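Below is one structure, written out as structure tokens; the observations come after it.
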Amino acid sequence: MKRHGILTRIWHWLNAVALIVLFMSGLNISNAHRYLYWGNYGFDPADAWTSVMRFPAWATLPQRYDLAAARDWHSLAAWVFAMALLAMWAGSLANGHFWRDLRTSRREWSPKSIIAEINTHLRGKFTNHDGKYNALQRISYGIVLGIFLPMMIFTGLAISPGFEPAAPWLIEALGGRQSARSLHFIFSWAIFAFFLVHIVMVLVSGPVSQISQMITGGRRKGDQHD
């Protein structure tokens, strides 16, 4: 059995490209108004709860200030991102990937267990025991796949022009359009932080092997082949 199924591999790389486009175009959009608010209204910088830096052109898409083009890139990548995430969740539930590889137990969520896993990682040990992922990986992936990525979609819809008539309850549930915008910004940087940690862990645990497995599928630990 492959360590990474074809659905997981396609989603991984498609999601990576979509997120990079979303993040870079989002930075360009952020440059249009660098203040964040809570509630439904927020246009006066004096009412903002925080302001963010103006991001340099090399970090944005396109690599110049162009709000219209940035929104076009953002909308295109958002559809790819949302449809890919939906397909990944449907496939993972249907083929047992979620139940077999990603599901966590209540014991694994205990502070004692989490601290022990972190200490193990800090010592450079990445034992997965009999499973595909260790407990810390399953918890991290669960938070990202179950909370961070879906919230990017929900908050993105809530701040999309013209979406309110279709689902006003979503904007209300998020505390208003400006609250949704603030949450969208927060979750995007939370995903960026996860991305950095993910890259570091890949580099530490063997980048050639890890990348190769995510391209070819690799083999599950313990498989015997001649």
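The values are calculated or read from the model by the stated rules, or taken from the named source; none is laboratory data. Since we're looking at a predicted model, the values are computed, not measured. Ideal geometry is used to build each Cβ from the backbone, glycine not excepted, and the neighbour counts take in all protein chains shown.
Side notes on the structure shown:
- Residues in region 157-182 that are touching a Phe, Trp or Tyr at 6+ places or on another chain (Cβ under 9 Å) and surrounded by 15 or more Cβ atoms within 10 Å (Cβ to Cβ): 12 in all.
- Residue ID - modelled with the highest pLDDT, chosen from residues in region 18-39 that are over 14 Å from Ser188 (Cα atoms) and exposed (fewer than 14 other Cβ atoms within 10 Å of the Cβ): Ala32
Results for (1) of a type in the set (A, V, I, L, M, F, W, C); (2) part of a helix (DSSP H, G or I); (3) touching a Ser or Thr at 6+ places or on another chain (Cβ under 9 Å), shown as yes or no for each residue.
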{"position": "Arg54", "(1), (2), (3)": "no, no, yes"}
{"position": "Leu61", "(1), (2), (3)": "yes, no, yes"}
{"position": "Asp72", "(1), (2), (3)": "no, yes, yes"}
{"position": "Ala90", "(1), (2), (3)": "yes, yes, no"}
{"position": "Thr104", "(1), (2), (3)": "no, no, no"}
{"position": "Tyr141", "(1), (2), (3)": "no, yes, no"}
{"position": "Leu145", "(1), (2), (3)": "yes, yes, yes"}
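- Checking each residue in region 198-215 for being in contact (Cβ under 8 Å) with a residue 12 or more places away in the chain and among the β-branched types (Val, Ile, Thr) picks out Val204, Ile215.
- Annotation: Met83 fulfils all but one of (1) part of a helix (DSSP H, G or I); (2) exposed (fewer than 13 other Cβ atoms within 10 Å of the Cβ); (3) in contact with a helix residue (DSSP H, G or I) (Cβ under 6 Å, 6 or more places away or on another chain); (4) aliphatic (A, V, I, L, M); the unmet one is (3).
- Qualifying residue in region 117-124 (condition: under 19 Å from the mean Cα position of the chain (by Cα), within 17 Å of Arg138 (Cα to Cα), among the charged types (D, E, K, R) and surrounded by 14 or more Cβ atoms within 10 Å (Cβ to Cβ)): no
- The number of residues in region 67-111 that are of a type in the set (Phe, Trp, Tyr), over 25 Å from Ser25 (Cα atoms) and free of Cβ contacts under 8 Å to residues at least 12 places away in the same chain comes to 2.
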